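Here the structure is laid out as structure tokens; the discussion comes afterwards.
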Amino acid sequence: VNIKNTHLHKILTSKEELSFLMEAHNGISAKLAEEVGFQALWASGFSISSSMALRDCNESSWREVLDVLELMADAVNIPILLDGDTGYGNFNNFRRLVQKLEQRSISGVCIEDKVFPKLNSFVEQKNRLSQKEEFCGKIKAGKDIQRDPNFCIVARIEALVSGLPMEEALSRAEAYYEAGADAILIHSKKETGEEVLEFAQKCPSHIPLVLVPTKYYKTPTEKFKDAQIAAIIWANHSFRAAYAAIKRTLSNIYQSETLKEVEADIASMEEIFDLLQYKELYEAERKYLPQNT
Ligand code: SPV
Ligand code: MG
């Protein structure tokens, strides 16, 4: 039994305690999230593709995503939940993905009930939803192929985002949980948490729920605690923070033609040497390289 998978499973399924997953999109953002104290990571499709300057519509191949994940997993000891979009195809593509994720020490994957290639949920363009039965088969295929019992499969419901009624979202939640999903992610693009809180209230209480409050960020976290939500995903805030900081700094350097104004606002190289444990390398050199040469 894999300890990281067990930890993620607990984070995603414990309704008694609200947990938080922080977005990461490369090795260093994963490491920083761990450094500040987060217990688990969300490998965001939007953030990983945006950091490649690609659109969040499966423009990058899933093998390219896998390479990023490998560096993230190497960088941290906390579990990683991959935003696996649609599973990159049908049930068969998905179960191969699950195998590859387990091989690379990724602790879980979230799949959404859209048709490949997907589009980000917050663009104008409508996504095509998959049939409920087809998506249940995909979840089952993943569950059947996973080796570690605590590898997590989260099923993400796009019904509300697509304008379908609450009843459709609820019936999908029950079906996906029945098919073997460890938790249900109910997505919403509303500006308040009312829609997801109504869903939480109507959903059978044994089903663990995960939320992504990107659009309804003003709703106090207390409300989600009171609703016994298992976990919240801060889905793209590391990437958006980096993007804004890079843009601000580069513009300043371009305009001012000096580094004088930005130095105080950017990380020192010493801090990065510390985080990446350069000291360990010097100690290893003393141990493994011939000395006094
Ligand atoms: C992502 O971070 O890629 C997500 C969440 O899927 S969202 O973009 O909010 O739909
Ligand atoms: Mg995504």
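Yes or no: Cys110 surrounded by fewer than 22 Cβ atoms within 10 Å (Cβ to Cβ), within 15 Å of ligand 1 (Cβ to nearest atom) and either closer than 25 Å to Ala173 by Cβ or modelled with pLDDT of 95 or more (or both)? Reasoning before the result, please.
Working: surrounded by fewer than 22 Cβ atoms within 10 Å (Cβ to Cβ): no; within 15 Å of ligand 1 (Cβ to nearest atom): yes; either closer than 25 Å to Ala173 by Cβ or modelled with pLDDT of 95 or more (or both): yes.
It is false that Cys110 is surrounded by fewer than 22 Cβ atoms within 10 Å (Cβ to Cβ), within 15 Å of ligand 1 (Cβ to nearest atom) and either closer than 25 Å to Ala173 by Cβ or modelled with pLDDT of 95 or more (or both).
With respect to the conditions (1) within 21 Å of Ala227 (Cα to Cα); (2) touching a strand residue (DSSP E or B) at 6+ places or on another chain (Cβ under 6 Å), Ala24 lacks only one, and its number is (1). Selection of the range 246-259 for residues being in a loop (DSSP other than H, G, I, E, B) and either charged (D, E, K, R) or modelled with pLDDT under 95 (or both) yields only Glu257. Here the range 260-293 is the region considered, the condition is being among the small types (Gly, Ala, Ser) and in a helix (DSSP H, G or I), and the residue that is least open to solvent (accessible area, probe 1.4 Å) is Ala284.
Hey, among the residues in the range 146-159 that are touching a strand residue (DSSP E or B) at 6+ places or on another chain (Cβ under 8 Å) and of a type outside the set (Gly, Ala, Ser), which one's nearest to ligand 2 (Cβ to nearest atom)? Looking at the filtered set, the residue picked out is Arg156. If the condition is being within 16 Å of ligand 2 (Cβ to nearest atom) and more than 30 Å from Val1 (Cα to Cα), then the range 84-125 contributes Lys114, Val115, Phe116, Pro117, Lys118, Leu119, Asn120, Ser121, Phe122, Val123, Gln125. Filtering Ala245, Ala175 for residues that are closer than 30 Å to Glu263 by Cβ and more than 16 Å from ligand 1 (Cβ to nearest atom) leaves a single hit, Ala245. Residues of the range 64-82 that are open to solvent by 10 Å² or more (accessible area, probe 1.4 Å), within 21 Å of Ile233 (Cβ to Cβ) and either within 16 Å of ligand 2 (Cβ to nearest atom) or in a strand (DSSP E or B) (or both): Val65, Val68.
Restricted to helices (runs of 4 or more DSSP H) entirely inside the range 3-61, those with at least 2 residues that are open to solvent by 50 Å² or more (accessible area, probe 1.4 Å) and within 14 Å of ligand 2 (Cβ to nearest atom) are 45-51. Evaluated against (1) under 14 Å from Val210 (Cβ atoms); (2) over 15 Å from the mean Cα position of the chain (by Cα), Cys110 falls short on exactly one condition, (2).
Per-residue answers, yes or no, for (1) within 18 Å of Val154 (Cβ to Cβ); (2) touching a residue at least 12 places away in the same chain (Cβ under 8 Å); (3) assigned to a loop (DSSP other than H, G, I, E, B):
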position	(1), (2), (3)
Phe94	yes, yes, no
Leu97	yes, yes, no
Leu101	yes, yes, no
Ile106	yes, yes, yes
Pro117	no, yes, yes
Ser121	yes, yes, yes
Phe135	yes, yes, no
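When every residue of the range 132-145 is checked against the conditions, at least one turns out to be β-branched (Val, Ile, Thr), away from ligand 2 (no atom under 16 Å from the Cβ), open to solvent by 20 Å² or more (accessible area, probe 1.4 Å) and more than 20 Å from Lys10 (Cβ to Cβ).
The values are calculated or read from the model by the stated rules, or taken from the named source; none is laboratory data. For clarity, every value in this text was computed on a predicted model and none was experimentally measured. Quick reminder, even Gly has a Cβ in these numbers, built from the backbone with ideal geometry, and neighbours come from all protein chains shown. The protein model used for the area step is the full one, side chains on, heavy atoms only, and it has no ligands, DNA or RNA in it. Shrake-Rupley method; radii C 1.70, N 1.55, O 1.52, S 1.80 Å.
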